[in-house]
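In what follows, a structure is listed as structure tokens, so that the remarks can point back to it.
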Amino acid sequence: MYSMFTAPSASLEPTGLDLAGVAISLGAGILLWLIASFLIARITKRVASGTSLFKKPHFRWVAPALRALDHERRVQRANTIGSLLKSGIGVMIAVITTIYMLKNLDVDVAPLLTSVGILGIAIGFGAQQLIRDFLAGIFITIEDQYGIGDVIETSEVVGVVESIGLRITRVRDENGAIWYLRNGEILRVGNRSQGTYVPPAEPEETAADAEHAPQQKAGE
């Protein structure tokens, strides 16, 4: 008789919600983000101001990316790389923190992860050119192929670099026109400012040609 009037034991079980776990996950994510931001800011500042740490023999592999440059150019490259690192790490921490919070809220994340993966693949196929431009911009910045103020020569234009982004490089040519070059489409580039470029010699006019030229124009 007692069992007939006793509530089922299943109704007394917890619902699976772990609010403490949610708070811990959120706090851990924020703490990791603050630590990562602090470290990236320190590294960016150190690289921008110049350091001899990476000149040691066991750091020779990063010499092309961190060679001695003028202050403005080094600061621009350091800020670009720092912004890229901060964005990437921020997205990664946000995704991981969200997954742990949903698990603590007793949400089945497996279907969600599957849907996100399929959506990511679809976006990746649709944005191949955009991803290509971003990757090319990253390597242009890290490898120091060219910087602001350099005179570069591509298959499309010869001019002075005015700005470098992760997707677009802006160049002003000799006529004053502004060119917006997508980084993924710059397959070959020559930097006249980094090497020992010598402009081709122009044909010299003789003194007799210089004297006869005004007379011919007047006669015409």
Can you find even one residue in the stretch 184-199 that is surrounded by 16 or more Cβ atoms within 10 Å (Cβ to Cβ), assigned to a loop (DSSP other than H, G, I, E, B) and without any contact (Cβ under 8 Å) to a residue 60 or more places away in the chain?
yes
Residues that are open to solvent by less than 50 Å² (accessible area, probe 1.4 Å) and over 20 Å from LEU19 (Cα atoms), drawn from the stretch 90-110
GLY90
Subset of the stretch 147-183 [hydrophobic (A, V, I, L, M, F, W, C), over 25 Å from VAL75 (Cβ atoms) and part of a strand (DSSP E or B)]
VAL158
Single unsatisfied condition, GLY147 versus (1) buried (at least 16 other Cβ atoms within 10 Å of the Cβ); (2) at positive phi:
(2)
Filter the stretch 94-143 down to residues that are part of a helix (DSSP H, G or I) and acidic (Asp, Glu) and give me whichever is nearest to LEU26 (Cα to Cα).
ASP133
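The values are calculated or read from the model by the stated rules, or taken from the named source; none is laboratory data. This is a predicted model, so every value here is computed, not measured. For neighbour counting, all protein chains shown are included, and Cβ atoms are generated from backbone atoms with ideal geometry for every residue, glycine included. The accessibility values were calculated without ligands, DNA or RNA, using every heavy atom of the protein model including side chains. Shrake-Rupley method; radii C 1.70, N 1.55, O 1.52, S 1.80 Å.
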